[in-house]
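In what follows, a structure is listed as structure tokens, so that the remarks can point back to it.
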Amino acid sequence: MDSQEPWNLENGGIDGADMKGLDKEASFADRVSPHNTSASSVLRKKSDPMLVSAGVRFPVPTQVLANLQEVILGTKLAILFPAIPLAVMADLYKFGRAWIFALSLLGLTPLAERVSFLTEQIAYFTGPTVGGLLNATCGNATELIIALFALRQNKIHVVKYSLLGSVLSNLLLVLGSSLLCGGLANLKKEQRYDRKQADVNSLLLLLGLLCHLLPLMFRYGGAGGPGAASVAEYTLQLSRASSIVMLLAYVAYIVFQLKTHRQLFESQEEDEEDGEKAVIGFWSAFCWLVGMTIIIALLSEYVVGTIEAASSSWGISVSFISVILLPIVGNAAEHAGSIIFALKNKLDISLGVALGSATQISMFVVPLCVVVSWIMGTFMDLDFSLIETGCLAFTILITSFTLQDGTSHYMKGAILFLCYIVIGACFFVQKIPLSQMNIANLGVEAPAGVSSA
């Protein structure tokens, strides 16, 4: 304690030893792929040295204040953080359940963006491979946590609808609005992107679509036949086997992306990322990440537990809330980031955000939920019903056709966006009775032959 490094307030109160580590590891940021590029960099607010200047004489409080500034106040979505304690108070004082749902949904928005920011900070210290794996795992942490809580409460329909909505939102809303805004902002420029990256993601999405189509066709093909009573059981077995195949394909995709063919996913605009460094230390980022994950889990439990009450209070179907509202609010930060990159004519990054997230949901989160439900003794399969699977198939096909030539203009984005509007209208008018949805809930105590569709 007889000597101490000076504190650097502009870097979040990190001492000299930490800054040497930051300089050593910061070069990893120059090799982050578009898939792993988070929206936090474009939604981050610049630090205000005046916030912590009063604590210059006290290093520890200064560091705490600096971390609070970077993590809590360092995002343009910080205005939504008060929704978190309001949601907790609404639950404690037994306010309307629709209010709990709305406040929890708003509170999840900045938390999802901050998780991306914190994983990005940790990636500066762990290197590109571990950082890429961390981003790939935590990139859709909010959707995964909501799905796991829904599984625990045996709300299979919420799991299926919310995960389907995430894929549709990324491929039509996020990608469509990005291409639309980017095309309008760059009317006199030719917008091009690397088609190789899009081809890999399209192939994986088509594989996932096959794994959804087969259980659906299997159910309809066996309906009314002599073995109709066993069709649901066979569909469940096929779904579990297909889920294992999907997880293996996703592991191969991670190896392909981070190791063997890394150059296909590297951004062509890395020169503008030079000089970026971590703004908080490794253990600070790790502790914040754990804390925010716990809060996300709490709010996710509120969302899952009050979604039916919100549906009844607002007069909106559970399917519309799950397929449309949950993905829009939960991924607002990623949506904004993708559009901003497209406005800057960085379509490779926009495609990496939209296609990468959709691929992760389809090939990792969905089959993982099937495996987890298998372990928990519930009965979730890959049969997402006819309308839902049809929307998924159309979305993947039109996205693949849109990206096949390696160029973009605003008309492509407009078509994708309008397709999302039509699908949203479909789920808005689809009024499935709650009792019919809860047939899936009987699977816990029913024989294995009961379908969760």
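The values are calculated or read from the model by the stated rules, or taken from the named source; none is laboratory data. Because the structure is predicted, anything quoted here is derived from the model rather than measured. When we count neighbours, we look across all protein chains shown, and the Cβ atoms used for this are built from the backbone with ideal geometry, even at glycine. Areas reflect the complete protein model, heavy atoms only, side chains present, ligands, DNA and RNA absent. Shrake-Rupley method; radii C 1.70, N 1.55, O 1.52, S 1.80 Å.
Once the piece of chain linking Ser385 and Phe401 is laid out straight, how much longer is it, given 0.36 nm per residue of separation minus the C-alpha distance between them?
3.3 nm
With each label point set 7 Å from Cα along the Cα-Cβ vector, what nm distance links Ser312 and Met411?
Spacing of the two 7 Å Cα→Cβ label points: 5.0 nm.
What is the extension gain from Trp283 to Phe428, computed as 0.36 nm multiplied by their sequence separation minus the C-alpha to C-alpha distance, in nm to one decimal?
47.7 nm
Could you tell me what fraction of 2.2 N^0.38 Å the Cα radius of gyration of segment 262-420 comes to, as a two-decimal ratio?
Against the empirical 2.2 N^0.38 Å value, I get 1.27 for segment 262-420.
What accessible area per residue, rounded to a whole number of Å², is obtained for segment 272-349 using a probe radius of 1.4 Å?
Accessible area per residue: 36 Å².
With charges set only on the Cβ (+1 for Lys and Arg, -1 for Asp and Glu), what does the dipole of segment 81-221 come to about its Cα centre, in debye to the nearest 20?
Here the size comes out at about 300 debye.
Quote the accessible area belonging to Thr407 in square angstrom, nearest 10, computed with a 1.4 Å probe and with ligands, DNA and RNA left uncounted.
Rounded to the nearest 10, the figure is 30 Å².
Just how much of Trp288 is accessible, in Å², when a 1.4 Å probe is used and the result is rounded to the nearest 10?
Trp288 has an accessible surface of roughly 70 Å² with all protein chains in place.
Subtract the Cα-Cα distance of Leu418 and Leu73 from 0.36 nm times their separation in residues, and report this length gain in nm to one decimal.
That works out to 120.7 nm of additional length.
Leaving out ligands, DNA and RNA, and with a 1.4 Å probe, what % of the accessible surface on segment 313-386 is carbon or sulfur?
Carbon and sulfur atoms account for 74 percent of the accessible area of segment 313-386.
Past 31 Å, Cα to Cα: identify those pairs from Lys277/Lys412; Lys277/Lys346; Lys259/Lys344; Lys76/Lys277, in the order given.
Lys277/Lys412
Using a 1.4 angstrom probe with every protein chain in place, what is the largest-first accessible-area order of Cys369, Cys287?
From most accessible down to least: Cys287, Cys369.
With a Förster radius of 25 Å, plug the Cβ-Cβ distance of Met217 and Val245 into 1/(1 + (r/R0)^6) and report the FRET value to the nearest 0.05.
That pair, Met217 with Val245, gives E of 0.90.
With a 1.4 Å probe and all protein chains kept in place, how much accessible area does Lys76 have, in Å² rounded to the nearest 10?
130 Å²
Can you pull the percent of segment 80-131's accessible area that's carbon plus sulfur, 1.4 Å probe, other chains left in place?
C and S fraction of accessible area: 76 percent.
For a Förster distance of 60 Å, can you work out the FRET efficiency between the beta-carbons of Phe95 and Gln263, rounded to the nearest 0.05?
0.65
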